[in-house]
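Notes follow the structure.
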RNA sequence: GGGGGGGUACCGAAGCGGUCAAACGGGACAGACUGUAAAUCUGUUGGCUCUGCCUUCGCAGGUUCGAAUCCUGCUCCCCCCA
């Protein structure tokens, strides 16, 4: 069994634990059960959830049993930690749909069918919803001194803010704490992991375990995955990077990691991949010496895309990358093009236009939406920024014909470096 | 209520009778360079049946061979005095 604690430490994944001295030996001497919580606010996890998920995976590979808890109940309330304003509440239907989506994705990262230490996914709504308000206050609430709760950072910061803190959000801590106690009782779970902003909630659970059941539980937090400029990893101008292919195509996902800044890449490799120390050290060196090769970014992107989208997803992303960065496009199928250009707008035209009517390049560029007027299209072509199937065409008179089809029925137009549009000649 | 200034292309801002599709700056787009970074350099930035034609300078009229530029009315904005 590998030394999980040592590995986490080397990767910089241990921010704080409740038992620094004790945990290494404890983890090394048997299979333990641990859990991390995931917030079901959407039907897909995003890059932000990748870090705790990977930590669970590391534990599982080291022989421990991971529990992922989807906060069906807590998700209805919203964790105030690190949030500046009150959350919107979610409906039951939304939550159910979200949970289903999330589970599918977790299966890529955690093994749910490997015997004793199979991962399990539970929904805290299953036990929380059985509580009556009175019961909860009597059994759980009375174990929480308000003065201790008020001292937690997550509460303090919100009390001082203009938005304030509702009673509902204030209660969040009790729910998460009770989750831990419940999992301990039902599954023998003894360790909770979470981001460093979860410290208050984690220790609340440990306290509750001691008070209710006289058990000793443990907690471990990891650093938050942030960029060197302090912003969150996994966000772009156009929104979050998701783990579902429907929301973020494998190509976009791959590209996100290829474009990680040099300063952040080392951290990402350590935090999010399972590459060995030697490999990571080598990549660090390569990044230092030949930054323009961007070997480590490519490796990072490759590892993560394969994990989340599988070998075929990775291949699609690589093929798309090749094409989006200039490779000529020909002898592909409609299906392949459809996958590669999943994110690209397309325009359907009648096939007869290719044969009988002849479609001039200028008109094609306008119809595809790449240019807003014919004058604009004419200028673009003259300036050499229009490409048909990725080869430049600077002849204003050019007419598209069947010869220009890149697949059975598609011609790929491009303006400039990145802007693509598909013309589909179908009835 | 009185006095003054002003509304120009995506934004800021010149132009104040013809050579104005309208200087200049920013932005945007493209080309070169490059590490799918940044910077830099170059070009483009109303439309079209494109070496020419058409429509634009708050709105509507007028003067003139000719107006973004002059006149009249309307409208909106800013400043000063009440």
Within segment A:390-411, the residues that are in a strand (DSSP E or B) and out of contact with any strand residue (DSSP E or B) (no Cβ under 6 Å at 6 or more places or on another chain) are A:391, A:392
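If you go through segment A:128-169 one residue at a time, how many are part of a helix (DSSP H, G or I) and more than 27 Å from residue A:92 (Cβ to Cβ)?
Start the filter on segment A:128-169 by keeping residues that are part of a helix (DSSP H, G or I), which leaves A:128, A:133-139, A:141-143, A:146-151, A:153-160, A:167-169.
Subsequent filtering for residues that are more than 27 Å from residue A:92 (Cβ to Cβ) retains A:142-143, A:146-151, A:153, A:155-157, A:159-160.
Within segment A:128-169, residues that are part of a helix (DSSP H, G or I) and more than 27 Å from residue A:92 (Cβ to Cβ) number 14.
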Of all residues in segment A:378-418, how many are surrounded by fewer than 17 Cβ atoms within 10 Å (Cβ to Cβ) and within 32 Å of the chain's Cα centre (by Cα)? 3
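When the residues of segment A:208-234 are narrowed to those that are part of a helix (DSSP H, G or I) and touching a residue at least 24 places away in the same chain (Cβ under 8 Å), which ends up nearest to residue A:189 (Cα to Cα)?
So in segment A:208-234, the residues part of a helix (DSSP H, G or I) come out as A:208-213.
Now narrow it down to the ones that are touching a residue at least 24 places away in the same chain (Cβ under 8 Å): A:208-209, A:211-213.
Values: A:208: 14, A:209: 11, A:211: 17, A:212: 15, A:213: 13 Å.
Top of the filtered list is A:209.
Which residue is farthest from residue A:131 (Cα to Cα), if the candidates are limited to segment A:178-188 and must be in contact (Cβ under 8 Å) with a residue 60 or more places away in the chain and surrounded by fewer than 24 Cβ atoms within 10 Å (Cβ to Cβ)?
Here is the first cut: in segment A:178-188, the ones in contact (Cβ under 8 Å) with a residue 60 or more places away in the chain are A:179-180, A:183, A:187-188.
Going one step further and asking which of them are surrounded by fewer than 24 Cβ atoms within 10 Å (Cβ to Cβ), we end up with A:187-188.
Details: A:187: 19, A:188: 21 Å.
By that ranking, first place goes to A:188.
Results for (1) closer than 19 Å to residue A:149 by Cβ; (2) at pLDDT below 95, shown as yes or no for each residue.
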site	(1), (2)
A:183	no, no
A:187	no, no
A:193	no, no
A:197	yes, yes
A:201	yes, yes
A:205	yes, no
A:208	yes, no
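Every residue, every condition in (1) near RNA strand B (Cβ under 10 Å from one of its atoms); (2) over 18 Å from residue A:326 (Cβ atoms), yes or no:
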| site | (1), (2) |
| --- | --- |
| A:388 | no, no |
| A:391 | no, no |
| A:396 | yes, yes |
| A:402 | no, yes |
Among the residues of segment A:47-64, is any under 17 Å from residue A:126 (Cα atoms), outside any strand (DSSP E or B) and at pLDDT below 95? no
Condition (residue is in contact (Cβ under 8 Å) with a residue 12 or more places away in the chain, outside the structural domain of residue A:244 (by TED's automatic domain parsing), crowded, with 19+ Cβ neighbours inside 10 Å and farther than 20 Å from residue A:202 by Cβ) applied to segment A:47-65: is it met by at least one residue? yes
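Just checking, does segment A:190-202 include any residue being in the same structural domain as residue A:123 (by TED's automatic domain parsing), outside any loop (DSSP other than H, G, I, E, B) and surrounded by fewer than 18 Cβ atoms within 10 Å (Cβ to Cβ)? If you could, list the steps in order and put the result at the bottom.
Residues of segment A:190-202 that are in the same structural domain as residue A:123 (by TED's automatic domain parsing), as a first pass: A:190-202.
From what is left, the residues that are outside any loop (DSSP other than H, G, I, E, B) are A:191-202.
Imposing the further condition that a residue be surrounded by fewer than 18 Cβ atoms within 10 Å (Cβ to Cβ) reduces the set to A:196-197.
Yes - at least one qualifying residue is present in segment A:190-202.
Taking residue A:11, is it crowded, with 16+ Cβ neighbours inside 10 Å, in contact with a helix residue (DSSP H, G or I) (Cβ under 8 Å, 6 or more places away or on another chain) and farther than 22 Å from residue A:224 by Cα? Step through it out loud before you land on a result.
Details: crowded, with 16+ Cβ neighbours inside 10 Å: yes; in contact with a helix residue (DSSP H, G or I) (Cβ under 8 Å, 6 or more places away or on another chain): yes; farther than 22 Å from residue A:224 by Cα: no.
No, not satisfied.
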Report whether or not residue A:244 is assigned by TED's automatic domain parsing to the domain that holds residue A:315 and in a loop (DSSP other than H, G, I, E, B). yes
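Looking at A:381, A:386, A:396, can you tell me which residue is touching a helix residue (DSSP H, G or I) at 6+ places or on another chain (Cβ under 7 Å) and under 25 Å from residue A:338 (Cβ atoms)? Talk me through it step by step, then tell me what you get.
Details: A:381 fails: under 25 Å from residue A:338 (Cβ atoms); A:396 fails: under 25 Å from residue A:338 (Cβ atoms).
Checking each option against the conditions leaves just A:386.
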Spans of helices (runs of 4 or more DSSP H) in segment A:275-374 with at least 3 residues within 13 Å of RNA strand B (Cβ to nearest atom): A:277-289, A:295-324, A:361-367
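The values are calculated or read from the model by the stated rules, or taken from the named source; none is laboratory data. If you're wondering where the values come from, they're calculated on a predicted model, not measured in any experiment. Backbone-built Cβ (ideal geometry, glycine too); neighbour counts: all protein chains shown.
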